[in-house]
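Data block below; observations after.
The values are calculated or read from the model by the stated rules, or taken from the named source; none is laboratory data. Small disclaimer: the values here were computed from a predicted structure and weren't measured. All Cβ positions, even for glycine, are placed from backbone atoms using ideal geometry, and neighbour counts span all protein chains on display.
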Amino acid sequence: MVTERNKLLTKVLCGLIILVSGIVIGAGITIMLVKQRVIWINKPHKDVNEITQMIRNKYELDESQTSRVQQLINDAFQQKKQYDDEEDQRREAGAQKMIVEMNSIMTPEQFKRWNNDFQKMREKFKKRAEK
């Protein structure tokens, strides 16, 4: 009788081990598949002064080095802003070209509906980019 009970316990234990292993493997696969779909919330951007102070403290810069680093970072921020503005202008020019071409293809009623949807989509993407 004891051996039958031991066999049953062994089977139950093996079954539990297999069940738990399946759950762990399934959870791991789910995480691997879902992690690309998760929207990561970015930390707020640091300004020039915060970055300069962080570099100053970490690398023990003197006043002269700190002011030069601050100017360098400020120039980099201005260059990025200029690049972003140019990119916005290119995007706007492309959108205007598409609007003109769609207007020449569609009937006035079709174009009106399409343009309404297109403008809503553009606003949605602008809001997303601002965040």
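Would you check if there is a residue in the range 68-76 being β-branched (Val, Ile, Thr), within 24 Å of Asp117 (Cβ to Cβ) and surrounded by 12 or more Cβ atoms within 10 Å (Cβ to Cβ)? No. Lys35 passes every criterion in (1) under 26 Å from Ala129 (Cβ atoms); (2) modelled with pLDDT of 95 or more; (3) exposed (fewer than 10 other Cβ atoms within 10 Å of the Cβ) apart from (2). Of the residues Ser64, Ser21, the single one that is over 24 Å from Ala129 (Cβ atoms), small (Gly, Ala, Ser), more than 29 Å from the chain's Cα centre (by Cα) and exposed (fewer than 10 other Cβ atoms within 10 Å of the Cβ) is Ser64.
Within the range 96-131, the only residue that satisfies the criterion of being in contact with a helix residue (DSSP H, G or I) (Cβ under 7 Å, 6 or more places away or on another chain) and either outside the structural domain of Lys81 (by TED's automatic domain parsing) or within 21 Å of Asp84 (Cβ to Cβ) (or both) is Arg122. As for the range 48-60, it holds at least one residue that is in the same structural domain as Glu123 (by TED's automatic domain parsing) and not in a helix (DSSP H, G or I).
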